[in-house]
1. Which residue is farthest from A:TYR8 (Cα to Cα), if the candidates are limited to segment A:203-221 and must be touching a Leu at 6+ places or on another chain (Cβ under 7 Å) and more than 10 Å from chain B (Cβ to nearest Cβ)?
2. Of all residues being among the hydrophobic types (A, V, I, L, M, F, W, C) and in contact with a Lys or Arg (Cβ under 9 Å, 6 or more places away or on another chain) in segment B:84-98, which is farthest from the other protein chains (Cβ to nearest Cβ)? Just the residue, please.
3. Quick check on segment B:145-166. Is at least one of its residues under 30 Å from B:ALA178 (Cβ atoms) and assigned to a strand (DSSP E or B)?
4. Restricting to segment A:164-174, what's the tally of residues that are surrounded by 14 or more Cβ atoms within 10 Å (Cβ to Cβ) and either within 14 Å of chain B (Cβ to nearest Cβ) or not small (Gly, Ala, Ser) (or both)?
5. Got at least one residue in segment B:198-206 being among the β-branched types (Val, Ile, Thr), buried (at least 16 other Cβ atoms within 10 Å of the Cβ), in a helix (DSSP H, G or I) and at pLDDT below 90?
6. Out of (1) within 14 Å of chain A (Cβ to nearest Cβ); (2) within 16 Å of B:ILE167 (Cα to Cα); (3) touching a residue at least 24 places away in the same chain (Cβ under 8 Å), the odd one out for B:LYS34 is which?
7. Does B:GLY213 satisfy being small (Gly, Ala, Ser), in contact with a strand residue (DSSP E or B) (Cβ under 7 Å, 6 or more places away or on another chain) and surrounded by fewer than 18 Cβ atoms within 10 Å (Cβ to Cβ)?
Amino acid sequence: MILRYFKYSFNDILKNKLLNTVAIITIVFSVLITSSIILFFINTTSILNLWKKDVKIMVYLSREASDGNINEIQKIISGINGIKDIIFISKEEALNILKQQMKRQFSLLENLKENPLPNGFEIHIIESFQSWQKTESIASQIEKIPHVEEVEYGQKWLARFSGIINIFKLSGYALGILFFIASVFIVANTVRLVLYTRCDEIEIMRLVGASDSFVKTPLYIECVLQGAVGGIIGLILLFFIFKSFISNVDQGIISELANINFFSLSELLLILICSMFIGWLGCFLSLKNFLKT
Amino acid sequence: MSNGNNENYLIRMFHVYRRYGNNTALFDISLDVKKNEFVFITGPSGAGKTTLLKLLYLGEPISEGQIIVDGINLTRISKNNIPLLRRKFGIIFQEFKLIPTKTVFENVALVLEAADKPARFIQKKVASMLRSVGMEDRQNAFPLSLSGGEQQRVAIARAMAGDPKIILADEPTGSLDAESAEQVIELIRGFNARGSTIIITTHDKTLINKTGGRMIYLKQGRLWHPPNQN
């Protein structure tokens, strides 16, 4: 029987090409937009987590600080509660690191008469202290130490960035839900139009003894297929957009920031199941009242 | 109401009414139809002939009274069992009611597909039904390319394909020329000879006189003569 239902579904799809195309295109857009929002959030969240994991404080010392002062500062900082490790970076080392990072713009540094960079410390904080308030308290303690010229840490910026991402997330969810509802509505209307065009046919089928499931099942298959096709096309499009985005952005920046990834296989399957569910729900809503009489 | 063994009756109607709001289309109809009987329901237009047929296969709900078809009480039947009830009938409509987007073969096969018959059986059965109505050469044609007589022959093949116990024909010759009408009635008589019970609505007196069989007369929704002529 199931093969017969599939045969009916394929025949219906071929007979109602325009309606089915409209439904599929809607699902494609819905999947494309919601998936790209999800992909953006997955990657920004993973970048944020990566940055949050490795909270470090940079301490820049004044030029007047002697070797003795440096040793003393290192001792004081090591004694502060919450410090995991402290690494001294001399101004020469700092210049070398800068040269490595600048790569192509290396020649700009060639003409420097003297090293403009200060001596400094790179301080890592133990995980339980990695909150904005605790980092700030450690930073303010360090700032008070003599010969410390500047204390720099990314937490404040990260906190603001997380806030912005959360607002984006909320609007993303709202947009996703909106597109989901729009797709269900359009699929439901497509099915309704198909039902109206086939009203007589369905009546005849029922008069000759066809059960409701005989009438409904091919329509459900048709809608779930619409969902699957729309989902697959949407994801393929998203993959190509993602690829072209990655290839247009400087690879160096990407590897510096974090690994930007496309969806995993299980995430892809989940999106596909969701788009098939859109098809099913659209069909369910329009059939709910149609065969009651 | 006829007396006799209940098993001889395929259809029994007890004080049946059909109302549409304040209008009553059928009043207090009680009648029996025996197995293998050939029955005409006749009367002027608007007398309730088609409504009476529709009540038998629950094309319309019964407002009051009881109808028993082949042992099934239609007032107590569950929604899920309505398709099973309808498979007991082969229904022939005046306007043929063939699906225009399906071929002749597919239209006849639909009844068997709905009853979940295997594909090979459907293939053989449909071919044999089309042969019996002389439409085997047109099995790939679409209904709209056929004449009225041909379409009605396909409709008869479809009605008979599921080997129904009862054939209901609503004005089956109403839109056909005399020659086609005669062919259609001959086909129906042939099925009656093979054991099917036939109920035909018509207001064609000549057809009734020529064919023979019991006549039930309806006028303004009431039985005009008691149905105990046989």
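The values are calculated or read from the model by the stated rules, or taken from the named source; none is laboratory data. These numbers were taken from a predicted model, which means no experiment stands behind them. Neighbour counts run over all protein chains shown; Cβ positions are idealised from the backbone, glycine included.
1. Just the residues of segment A:203-221 that are touching a Leu at 6+ places or on another chain (Cβ under 7 Å), to begin with: A:205, A:208, A:212, A:215-216, A:219.
If we keep only those that are more than 10 Å from chain B (Cβ to nearest Cβ) too, we end up with A:216, A:219.
Details: A:LYS216: 11, A:LEU219: 9 Å.
Applying the filter and picking the extreme gives A:LYS216.
2. Here is the first cut: in segment B:84-98, the residues among the hydrophobic types (A, V, I, L, M, F, W, C) are B:84-85, B:89, B:91-93, B:96, B:98.
Right, trim to in contact with a Lys or Arg (Cβ under 9 Å, 6 or more places away or on another chain) and you get B:89, B:91-92, B:98.
On the way: B:PHE89: 8, B:ILE91: 6, B:ILE92: 11, B:LEU98: 8 Å.
Among them, the one singled out is B:ILE92.
3. yes
4. Narrowing segment A:164-174 to residues surrounded by 14 or more Cβ atoms within 10 Å (Cβ to Cβ): A:165, A:168-169, A:172-173.
Now drop any that are not either within 14 Å of chain B (Cβ to nearest Cβ) or not small (Gly, Ala, Ser) (or both), which leaves A:165, A:168-169, A:173.
Here the count works out to 4.
5. Of the residues in segment B:198-206, the ones among the β-branched types (Val, Ile, Thr) are B:198-202, B:206.
Next, only the ones that are buried (at least 16 other Cβ atoms within 10 Å of the Cβ) stay: B:198-202.
Cutting the leftovers down to in a helix (DSSP H, G or I) gives us none.
No.
6. With (1) within 14 Å of chain A (Cβ to nearest Cβ); (2) within 16 Å of B:ILE167 (Cα to Cα); (3) touching a residue at least 24 places away in the same chain (Cβ under 8 Å) applied to B:LYS34, the lone miss is (1).
7. Values: small (Gly, Ala, Ser): yes; in contact with a strand residue (DSSP E or B) (Cβ under 7 Å, 6 or more places away or on another chain): yes; surrounded by fewer than 18 Cβ atoms within 10 Å (Cβ to Cβ): yes.
Taking the combined requirement at face value, the residue satisfies it.
The rows are residues; the columns are (1) buried (at least 20 other Cβ atoms within 10 Å of the Cβ); (2) of a type in the set (Lys, Arg); (3) touching a residue at least 60 places away in the same chain (Cβ under 8 Å).
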position: B:ASN23; (1), (2), (3): no, no, no
position: B:THR42; (1), (2), (3): yes, no, yes
position: B:ARG76; (1), (2), (3): no, yes, no
position: B:ILE91; (1), (2), (3): yes, no, yes
position: B:LYS97; (1), (2), (3): yes, yes, no
position: B:THR103; (1), (2), (3): no, no, no
position: B:VAL108; (1), (2), (3): yes, no, no
